[in-house]
Amino acid sequence: VALKPSSTSPIYFTLTSRATLVLGNKTLSLASAFKWQCANMEDAPFSMAMKEIVYENTFITEPEGYGDAAKFQRHKVQAVLKQVLKERMEKQKYDPVKGAQIAKQLADDLREKVKLLGYDRYKLVIQVTIGQKIGQAMRIVSRCLWDTTTDNFASEYFENESLYCVCQVYGLYLE
């Protein structure tokens, strides 16, 4: 099936690594990826009037906006953690078979709720630990290398008569 774009719509060609493009009697062999755009059908590849689309870095090295409102705010994320843990874990009983599945679902729910807070340029790393509560002591420790001006984390602990749950959300700013 051959598809022909309309004469007014732009045409895009994407050439991947080691691609070969035949244009009339000329053959182009490319070693890296390029994107080419033709303005219309008259500029199609046979006329060699293609231009390369160049993408530039944004160089946005700090959260957009002014002040602390755009940064990862621990108290807002901690409120979300507390609410989700109370809703999801209050009536749960410890089950070693379903524990991993519950932890994954809880992490997915937390990711969705924290994303609604508007941290668009942040990578969210979420760690959920669920264990049986039988009178033992437990200590969870983590170490991170990050930029203290933009990155932060929030942590919340929940327990009932049969289990404990520790959730940690790390917000790492992506430049």
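The values are calculated or read from the model by the stated rules, or taken from the named source; none is laboratory data. Computed from a predicted model, the values in this text were never measured in an experiment. Heads up, the Cβs are rebuilt from the backbone with ideal geometry, glycines too, and the neighbour counts pull from every protein chain shown.
Structure notes:
- Taking the criterion of being more than 30 Å from T61 (Cα to Cα) and loosely packed, with under 15 Cβ neighbours inside 10 Å, the residues of the range 121-148 that qualify are T129, Q132, K133, I134, G135, Q136, A137, M138, R139, I140.
- Of the residues examined, L81 is one that is in contact with a strand residue (DSSP E or B) (Cβ under 7 Å, 6 or more places away or on another chain) and not small (G, A, S).
- Every listed requirement among (1) over 19 Å from E156 (Cα atoms); (2) exposed (fewer than 14 other Cβ atoms within 10 Å of the Cβ) is met by K86 save one, (1).
- On the stretch given as the range 85-114, residues that are in contact with a helix residue (DSSP H, G or I) (Cβ under 6 Å, 6 or more places away or on another chain) and under 22 Å from G135 (Cβ atoms) total 0.
- Given (1) free of Cβ contacts under 8 Å to residues at least 40 places away in the same chain; (2) of a type in the set (V, I, T); (3) outside any helix (DSSP H, G or I), index of the condition I102 fails: (3)
- Residue in the range 92-120 that is surrounded by the most Cβ atoms within 10 Å (Cβ to Cβ), counting only those that are within 17 Å of L163 (Cβ to Cβ) and of a type in the set (V, I, T): I102
- Residues located in the range 116-164, provided they are in a strand (DSSP E or B) and within 13 Å of L81 (Cα to Cα): I126, Q127, V128, F153, A154, S155, E156, Y157, F158
- Only one of the numbered conditions (1) assigned to a loop (DSSP other than H, G, I, E, B); (2) closer than 22 Å to L172 by Cβ is not met by K113, and that is (1).
- If you go through the range 36-84 and keep only what is of a type in the set (D, E, K, R), out of contact with any helix residue (DSSP H, G or I) (no Cβ under 7 Å at 6 or more places or on another chain) and at pLDDT below 75, you end up with E42, D43, K51, D68.
- Yes/no for N160 being within 20 Å of Q92 (Cα to Cα), surrounded by 12 or more Cβ atoms within 10 Å (Cβ to Cβ) and of a type in the set (S, T, N, Q): yes
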